[in-house]
Amino acid sequence: MLKKFIHIPYMKYIVVSVLGFVLIGFVGSNSVLAHLDNKQRISELNDEIEYFEEEYSRDQARIRRLQTDPKAMEQIARERYFMKHDDEDIFVLSDDERHSLTKKSADETVK
């Protein structure tokens, strides 16, 4: 049976072609699968580039506003660093659940 299969005309060309297709398509760093993975990675990186370019332009606008508007600097100082005038009081309200969870666990261990 094997001899009949081997003696089919053009069989060596068919075998070499199939092996070549498998090697090119699925094996190695230059395969079609690797090429598709690289295209997907390029697409993801382009999306990241767009995101960071938007953030960069937004940050540049904030910097320009801070350089030209003194009230913007005061606003950031008040919001981020809790700075205040001498005649003001600051109350910081938090809806953080960590504090309430640690208090409950401490209450449960006391019982």
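The values are calculated or read from the model by the stated rules, or taken from the named source; none is laboratory data. It should be emphasised that the depicted structure is a prediction, and the values quoted were computed from it without experimental measurement. So basically every Cβ, Gly included, is an ideal-geometry build from the backbone, and we count neighbours across all protein chains shown. For accessibility, only protein heavy atoms count, side chains too; no ligands or nucleic acids. Shrake-Rupley method; radii C 1.70, N 1.55, O 1.52, S 1.80 Å.
Values as computed for the structure displayed
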{"read-out": "Output for segment 33-77, where each listed residue is over 14 Å from the mean Cα position of the chain (by Cα) and within 30 Å of residue 21 (Cβ to Cβ)", "value": "33, 34, 35, 36, 37, 38, 39"}
{"read-out": "Pair list, Cβ < 7 Å and 6+ apart or interchain, from segment 29-50 residues that are small (Gly, Ala, Ser) to residues that are open to solvent by less than 90 Å² (accessible area, probe 1.4 Å)", "value": "31/25"}
